[in-house]
Amino acid sequence: QHRKFENVEILTEGISDIIDDLRWFWVSKDKLVMKQEGVTRVNCLDSLDRTNLVQAAIARKVLEQQ
C-alpha cells in the first residue's frame, strides 16, 4: 500500500492561515501572553491512522510557531 505523505503537507499548507488564527494558550509569570481562539478537529472517515497523521502534522506546525 502506497501512502502519499506529501498530501498531508499540501493539506497543512492549505489550512496554515486557519491554524495561525487559532493560536495557542500561553501564560508566562502569571500573565496571559496569548489566548487560544479555537481547536482543530480532524475526522478521516476511513482511517484512524490518517486522522492521527494529520493531527500530528498540525501539532508540528503549531510547535514550530511557538
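For the stretch 2-66, chymotrypsin sites (Phe, Trp or Tyr not before Pro) meeting the loop criterion (DSSP other than H, G, I, E, B) and having at most 14 other Cβ atoms within 10 Å: F5, W24, F25.
Note on the chain: Cα-only Rg and Dmax are 14.1, 50 Å. How large a share of the accessible area of the chain, in percent, is made up of carbon and sulfur atoms when the probe is 1.4 Å and the other protein chains stay in place? It is 51 percent, rounded to a whole number. The value of relative contact order for the stretch 2-65, using C-alpha pairs under 8 Å at least six residues apart, is 31 percent. Taking amide H positions as modeled 1.01 Å from N, with prolines and chain starts lacking one, the residues under 5 Å from C44 and 5 or more places away or on another chain are T51.
Rolling a 1.4 Å probe across the protein heavy atoms gives the chain an accessible surface of 85 Å² per residue.
The values are calculated or read from the model by the stated rules, or taken from the named source; none is laboratory data. All values reported here derive from a predicted model rather than from experimental measurement. As a convention, Cβ positions derive from the backbone with ideal geometry for all residues, glycine included, and neighbour counts pool all protein chains shown. Accessible surface areas use protein heavy atoms only, side chains included; no ligands, DNA or RNA. Shrake-Rupley method; radii C 1.70, N 1.55, O 1.52, S 1.80 Å.
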